[in-house]
Structure formats: C-alpha cells, structure tokens
Amino acid sequence: MSNMSYCRFENTYNDLQDCLEHINDNNLSNSEKKFREKLIMICEDIINEQENIDEDDEDDDKTQLESSDDKNIERKDDYNQVCIWPGTIVGQDKIQDFEKFMLEEFDTRVQYLEEIKTYPDKENGKDVEGTGGRNDVFFAVYKEDTGKFAVPRLKMGIRWIEDVLDKGNYRDKIYPERVHEYKTW
C-alpha cells in the first residue's frame with residue numbers, strides 16, 4: 001500500500017526500523033533476500049540524495065516552533081474537541097490534504113490547528129538524551145462529528161487533548177503550557 005504524501009516518511013520509518021531489526025536474519029525466502037538487497041540499495045540512494053535536501057527546512061521548523069509557542073490557534077465556531085496525533089507531520093502546504101483525508105477516511109470534519117515538536121523528557125531537572133523532538137499534530141473536530149470519531153480515531157493513535165494532558169498521563173511537560181487552553185472538559 002502506498003503512503004499518503006503528508007505522512008510518507010513517518011509511516012516508512014517504522015517499517016524500516018523493523019527491517020533493521022531483522023537485517024541479519026538467515027531464514028529468509030529467496031524473494032525476501034532479493035528485496036533485502038534492493039532495500040539496502042535504496043537506503044544507499046537516500047543517503048546520497050540527502051545532500052540535496054533543502055537545508056533551510058531546519059530553519060523553517062525552528063521559526064514555526066518559535067512562533068507556535070506564542071499562542072494557540074483560534075478555532076472555528078463549533079470545532080470544539082481538540083485532538084493530538086503523535087508522531088505525525090502534515091506541513092503547511094498539506095493542510096487541505098490533511099483535512100480532506102480526515103473527511104474521507106473518518107467522515108469527520110476537522111480544522112488543522114498546528115504542529116508542535118515535543119520537549120525532551122526531564123530526569124532530575126535535566127533533559128533526557130534521545131527524547132523530545134517528536135512532531136505532533138493538533139487539530140479540532142467539528143462538534144457534530146465528535147461522537148462518530150471517538151472510536152475510529154483510536155486505530156490511528158489519535159487522542160483527545162484532555163486525555164493526553166491528564167495529570168496521570170502528563171508527567172513530563174512536553175508541550176508549551178498554553179496548549180492547556182485547548183481543553184474543553
């Protein structure tokens with residue numbers, strides 16, 4: 001199955017992690033061995049192409065993060081329930097595609113709000129190495145669609161913001177304090 005353009009790298013990342021864990025398996029079929037070699041060649045191509053990636057992307061991300069720390073995005077009327085989709089990247093140029101996907105996939109009208117990179121976890125007041133930096137999408141669901149979206153969202157790992165920010169679940173502050181204002185209950 002092909003990936004949607006706004007989450008292609010995220011979806012492929014998990015599959016590549018699985019392949020890496022089994023890269024040295026010996027009990028592969030001939031077909032799997034052939035595709036393992038093809039995958040390695042594609043990974044080499046990716047490494048070679050990395051030089052062509054626009055280096056401005058990192059600066060754009062920093063600018064977006066800095067501005068997103070200022071204030072919450074205003075919600076349209078009747079778009080009440082805010083959701084968080086962890087580990088998801090949409091990008092400013094794919095907002096309409098994202099909203100269309102949610103309508104087609106879940107029969108749910110949504111308003112894209114923003115993307116926030118998580119802060120690192122803390123241990124004894126210090127950042128825990130290797131944590132933070134995950135891109136999470138925040139979006140609001142139209143009030144009449146909230147009920148029918150409640151269960152199907154779970155298969156994608158989408159959570160109500162109130163559940164994410166609940167004191168029992170939210171030990172480390174991984175988002176700007178302002179996101180608490182998105183809560184409606």
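Nothing in this text is a laboratory measurement; each read-out follows from the coordinates by a stated rule. Worth saying up front: this structure is predicted, and the values here are computed from it rather than measured. All Cβ positions, even for glycine, are placed from backbone atoms using ideal geometry, and neighbour counts span all protein chains on display.
Report the residue count in segment 118-133 for those that are touching a Lys or Arg at 6+ places or on another chain (Cβ under 7 Å), within 19 Å of Thr88 (Cβ to Cβ) and either of a type in the set (Val, Ile, Thr) or surrounded by 13 or more Cβ atoms within 10 Å (Cβ to Cβ) (or both).
2
Could you figure out which of (1) without any contact (Cβ under 8 Å) to a residue 40 or more places away in the chain; (2) more than 25 Å from Asn14 (Cα to Cα) isn't true of Gly133?
Among (1) without any contact (Cβ under 8 Å) to a residue 40 or more places away in the chain; (2) more than 25 Å from Asn14 (Cα to Cα), the lone unmet condition for Gly133 is (2).
Give just the number: which of (1) closer than 25 Å to Thr12 by Cα; (2) in contact (Cβ under 8 Å) with a residue 12 or more places away in the chain; (3) out of contact with any strand residue (DSSP E or B) (no Cβ under 8 Å at 6 or more places or on another chain) does Leu154 not satisfy?
(2)
Restricting the search to segment 100-115, which residues are in contact (Cβ under 8 Å) with a residue 24 or more places away in the chain and closer than 13 Å to Trp85 by Cβ?
Within segment 100-115, Phe101, Met102, Phe106, Thr108, Val110, Tyr112, Leu113, Glu114, Glu115 meet the criteria.
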